[in-house]
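Enquirer: Below is a structure I'd like to ask you about.
The values are calculated or read from the model by the stated rules, or taken from the named source; none is laboratory data. Quick caveat: nothing in here was measured; it's all calculated off a predicted structure. All Cβ positions, even for glycine, are placed from backbone atoms using ideal geometry, and neighbour counts span all protein chains on display.
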There are 2 protein chains.
Amino acid sequence: MRLWGGIEAGGTKFVCAVGSGPDNIVASTRFPTTTPAETISQAVAFFAAEATHYQIAAIGIGAFGPADPNPASSTFGYVTTTPKPGWNQVNFAGAVQRELGVPIGFDTDVNVAALGEQRWGVAQGLSTFVYLTIGTGIGGGIIVNNQRLHGLMHPEVGHMRLPHDWVQDPFPGNCPVHGDCWEGLAAGPAIAERWGTPAEMLPPDHPAWALEAHYLALGVVNLILTLAPERVVMGGGVMEQRHLFSLLRYEVQELLNGYLPLPAVTETIDGYIVPPALGSRAGVLGAIALAQEVSGTVGW
Amino acid sequence: MRLWGGIEAGGTKFVCAVGSGPDNIVASTRFPTTTPAETISQAVAFFAAEATHYQIAAIGIGAFGPADPNPASSTFGYVTTTPKPGWNQVNFAGAVQRELGVPIGFDTDVNVAALGEQRWGVAQGLSTFVYLTIGTGIGGGIIVNNQRLHGLMHPEVGHMRLPHDWVQDPFPGNCPVHGDCWEGLAAGPAIAERWGTPAEMLPPDHPAWALEAHYLALGVVNLILTLAPERVVMGGGVMEQRHLFSLLRYEVQELLNGYLPLPAVTETIDGYIVPPALGSRAGVLGAIALAQEVSGTVGW
């Protein structure tokens with residue numbers, strides 16, 4: 001049986017799977033992200049063992065960043081300037097390719113998750129959309145005209161600058177580089193630090209959520225104005241608080257103030273800003289979708 | 001001789017030209033934008049007269065917006081929900097096509113100017129970049145992976161929300177829809193209203209320019225973080241103040257604070273944030289480039 005491998009390479013854990021789509025995963029594993037040597041070896045060992053049962057046509061990798069997703073670059077497939085100990089300038093895709101001898105697809109974790117949602121989730125049939133993850137940081141995968149956006153590197157939307165009313169919210173932000181950028185104000189750790197309580201412990205009627213919806217809406221509005229996405233998919237730990245979606249949608253409409261003549265925004269926003277259909281599996285399934293793209297086969 | 005027509009359809013004036021590129025414009029004209037009937041007729045009459053001398057293979061239009069640049073849409077080629085009297089829901093491209101019987105390319109003025117800079121200006125060889133115009137408003141044309149970005153409509157980057165320090169700058173912004181969005185704080189009319197003097201009358205050492213560079217940098221930084229453009233081209237009346245570029249580049253570096261490992265930003269920013277090479281001709285030349293694209297011929 002011809003299948004594909006996917007690696008969701010996060011900063012804290014790796015998820016690896018073999019299969020052809022959401023309904024056909026024949027094997028999977030997860031383990032903590034430690035040193036590159038140890039972690040990449042564990043991934044390789046998993047796929048090598050599975051390869052005795054299945055033909056693995058290609059492997060897709062969705063990696064934490066900064067990373068180099070440009071196939072024309074000499075450092076394609078590297079995790080590049082990450083502060084994560086040991087991972088600086090590591091040839092991740094090259095190591096996997098050398099050990100397993102199959103074609104490797106490589107992109108950022110968020111671009112790969114976007115691809116998963118486009119193949120099997122809420123972005124099916126869309127050609128221009130955004131996939132955001134709001135968790136320990138804020139990241140965005142962007143697909144424009146059916147192609148993943150890389151540009152000079154890859155998007156880093158979590159570091160956008162947004163209005164911050166210091167009277168309403170004296171919390172200075174906790175991004176070590178920028179202070180009160182989007183992620184410094186609105187990622188999970190910012191919520192926890194501002195209120196002295198982990199985000200998941202704050203009740204739905206806590207004022208934390210109206211403020212959070214406000215900050216999320218500011219960033220989403222800027223992305224809508226820049227990319228005119230056909231849909232905005234929002235996942236990650238913070239968005240598990242599903243009550244956030246209605247607050248956020250309302251704030252987006254308020255901020256845009258009717259400026260964009262888009263019924264998707266002004267009338268049917270419930271279907272415009274949505275959670276991912278694949279949930280926490282978007283990453284590893286997207287990696288399988290990327291592997292299918294790389295091997296020239298779409299597995300459905 | 002086989003040539004192409006271009007229309008730069010601005011909110012205040014139209015520029016029309018016939019030619020094949022910057023070094024070969026055989027005829028051009030400009031006239032104020034009045035009613036759609038009158039203005040479109042003037043453009044049609046110009047091309048009809050030129051068509052007695054030259055074969056015009058196609059006409060490209062770069063239009064003020066909001067407009068519909070999506071060829072698959074039933075309102076493709078329309079100026080849509082503009083507040084400009086008489087122009088609401090006008091089938092601009094259709095009218096020109098009907099009268100002249102040639103293929104018509106249609107996009108926003110800024111996407112078309114971006115195309116011009118890509119064909120003949122400072123964006124040659126780039127596949128992902130931004131063209132901004134800072135004038136009576138702020139607009140952005142975006143090309144990603146060599147394709148113009150439209151999404152659900154087209155970018156409207158001028159309405160992004162940015163940090164606004166009300167103590168440092170009590171001016172509330174003058175966008176009629178959003179108040180202190182990017183264009184409400186930093187377009188030409190905002191400068192004039194804040195300081196009580198037209199922007200072009202303010203001397204280079206006036207504090208207006210440091211504040212302007214700060215606001216421009218905030219928006220540019222958000223675009224860099226979202227699109228990872230290979231270059232940022234900045235034209236329009238306000239950018240005629242060339243001293244703004246060095247202030248702005250410095251502010252961009254300060255705001256990014258070394259976060260992006262991009263030598264283009266950290267080391268060679270003088271070549272990264274640049275004025276357009278085609279200057280005020282970017283629009284009409286881009287329209288000719290679009291016409292060439294539409295007629296399946298690149299005229300160089």
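Enquirer: When region A:33-73 is examined, which residues are found to be touching an Asp or Glu at 6+ places or on another chain (Cβ under 9 Å) and within 14 Å of chain B (Cβ to nearest Cβ)?
Expert: Correct list: A:65, A:66, A:67, A:69.
Enquirer: Output the strands (runs of 3 or more DSSP E) that fall wholly within region A:86-165 and possess 3 or more residues being under 17 Å from the mean Cα position of the chain (by Cα) and within 17 Å of residue A:279 (Cα to Cα), or say none.
Expert: Working: elements: A:104-108, A:129-134, A:138-144.
By residue number, A:129-134, A:138-144.
Enquirer: In region A:144-168, which residue that is more than 7 Å from every other protein chain (Cβ to nearest Cβ) and of a type in the set (S, T, N, Q) is farthest from residue B:223 (Cα to Cα)? Lay out the reasoning, then the answer.
Expert: The first filter runs over region A:144-168 and keeps only residues more than 7 Å from every other protein chain (Cβ to nearest Cβ), leaving A:146, A:148, A:158, A:165-168.
Narrowing further to those that are of a type in the set (S, T, N, Q): A:146, A:168.
Values: A:146: 20, A:168: 27 Å.
Residue satisfying both the conditions and the ranking: A:168.
Enquirer: Considering A:101, A:137, A:125, A:141, which residue is surrounded by fewer than 24 Cβ atoms within 10 Å (Cβ to Cβ), within 16 Å of residue B:225 (Cβ to Cβ) and more than 10 Å from chain B (Cβ to nearest Cβ)? Break it down into steps so the answer makes sense when it comes.
Expert: On the way: A:101 fails: within 16 Å of residue B:225 (Cβ to Cβ); A:125 fails: within 16 Å of residue B:225 (Cβ to Cβ); A:141 fails: surrounded by fewer than 24 Cβ atoms within 10 Å (Cβ to Cβ).
Only one candidate passes the filter, namely A:137.
Enquirer: Scan region A:268-289 and tell me whether some residue there is surrounded by 18 or more Cβ atoms within 10 Å (Cβ to Cβ), within 14 Å of chain B (Cβ to nearest Cβ) and assigned to a helix (DSSP H, G or I).
Expert: Within region A:268-289 (the criterion being surrounded by 18 or more Cβ atoms within 10 Å (Cβ to Cβ), within 14 Å of chain B (Cβ to nearest Cβ) and assigned to a helix (DSSP H, G or I)), the answer is yes, since at least one residue qualifies.
Enquirer: Additional query: Could you please let me know if residue B:158 is assigned by TED's automatic domain parsing to the domain that holds residue B:260, under 30 Å from residue A:261 (Cβ atoms) and without any contact (Cβ under 8 Å) to a residue 40 or more places away in the chain? Please lay out each step first, then the result.
Expert: Values: assigned by TED's automatic domain parsing to the domain that holds residue B:260: yes; under 30 Å from residue A:261 (Cβ atoms): yes; without any contact (Cβ under 8 Å) to a residue 40 or more places away in the chain: yes.
Yes.
Enquirer: Among the residues of region B:170-184, is there at least one that is crowded, with 20+ Cβ neighbours inside 10 Å, at negative phi, within 16 Å of the chain's Cα centre (by Cα) and not in a loop (DSSP other than H, G, I, E, B)?
Expert: yes
Enquirer: Got at least one residue in region A:81-88 being surrounded by fewer than 19 Cβ atoms within 10 Å (Cβ to Cβ) and on the phi > 0 side of the Ramachandran plot?
Expert: Taking every residue of region A:81-88 in turn, at least one turns out to be surrounded by fewer than 19 Cβ atoms within 10 Å (Cβ to Cβ) and on the phi > 0 side of the Ramachandran plot.
Enquirer: Mind checking which pairs have a first residue in region A:189-200 that is in a loop (DSSP other than H, G, I, E, B) and a second that is at pLDDT 95 or above and of a type in the set (A, V, I, L, M), Cβ under 6 Å, 6 or more apart or different chains?
Expert: What qualifies is A:198/A:192.
Enquirer: Test residue B:44 against the stated conditions and say whether it is out of contact with any Gly (no Cβ under 8 Å at 6 or more places or on another chain) and assigned to a helix (DSSP H, G or I).
Expert: Values: out of contact with any Gly (no Cβ under 8 Å at 6 or more places or on another chain): yes; assigned to a helix (DSSP H, G or I): yes.
Judged against the criteria, residue B:44 is a match.
Enquirer: Out of the residues in region A:225-255 that are in a helix (DSSP H, G or I), out of contact with any Phe, Trp or Tyr (no Cβ under 9 Å at 6 or more places or on another chain) and at the interface with chain B (Cβ under 9 Å from one of its Cβ atoms), state the one that is surrounded by the fewest Cβ atoms within 10 Å (Cβ to Cβ).
Expert: Top of the filtered list is A:255.
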